Amino acid sequence: MLSVVVLISGTGSNLLALLKTIENPLVPVRVLAVGSDGAAAGLAHADFYGIPTFVVERGKFSDRESWGLRLQEIVESYNPDLVALAGFMKILPAKFVDRFSPNLINIHASMLPLFPGANAVRDTLAAGVTETGATIHVVDAGVDTGPIIEQRKVPVMPGDDIATLHERIKVHERDMLIQTIIGVAEKRIDLASI
Ligand code: GRF
């Protein structure tokens, strides 16, 4: 049984997809807790499933290091096999990454290394490209730069806005997140050798 702590910042549709999947007792994954850096709407999904939640607000700490250390302490307290960033919109301090990587994965709404950062979908539309993608990768000390586990191409359609394109990308993010976590649980994916 692979134990996971999930970190989010927003609506948590990726988290919800994972929680729905692991309702099936044949899936060897359990989510120990869900954390966020603020009042994330997605925490309600964890509440619905009776999963503990925690919030470590960046604004309550004088600097990123102390914020990251508190977040690390809480995540460590659950002793997870894997930490999954599912729409976590803060850059983690190197100390946090060093503590958990390679058992620390992230999803990103572009075909990295294209369009890294917090506004990938907006930047994709602004670039006028006709194809983008979704990426799941191991987190390293950079921003959206770690070893890539899987990527899928996603078309940009005429008339797309941020919402329509992002949802088309999320369909693939959700599936890659779930398939990656199950692959790790079933030892078909070795994050240390990506
Ligand atoms: C995902 O598209 C992820 O790539 C980005 O934030 C989004 C999270 O979506 N970092 P949701 O909160 O899981 O719906």
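Of all residues being under 21 Å from Leu2 (Cβ atoms) and among the hydrophobic types (A, V, I, L, M, F, W, C) in region 35-62, which is nearest to the ligand (Cβ to nearest atom)? Just the residue, please. Selected residue: Ala46.
Looking only at region 14-34, which residues are within 9 Å of the ligand (Cβ to nearest atom) and either of a type in the set (Val, Ile, Thr) or open to solvent by 30 Å² or more (accessible area, probe 1.4 Å) (or both)? Correct list: Leu16 only. When Val129, Val139 are screened for being more than 13 Å from the ligand (Cβ to nearest atom) and either among the β-branched types (Val, Ile, Thr) or out of contact with any strand residue (DSSP E or B) (no Cβ under 8 Å at 6 or more places or on another chain) (or both), only Val129 passes. Only residues that are touching a helix residue (DSSP H, G or I) at 6+ places or on another chain (Cβ under 6 Å), within 16 Å of the ligand (Cβ to nearest atom) and of a type outside the set (S, T, N, Q) were counted across region 94-114, and they come to 2.
The values are calculated or read from the model by the stated rules, or taken from the named source; none is laboratory data. Quick caveat: nothing in here was measured; it's all calculated off a predicted structure. Every residue, glycine among them, receives a Cβ derived from its backbone with ideal geometry; neighbour counts consider all protein chains shown. Quick note on the areas: whole protein, heavy atoms, side chains included, nothing else; ligands and nucleic acids left out. Shrake-Rupley method; radii C 1.70, N 1.55, O 1.52, S 1.80 Å.
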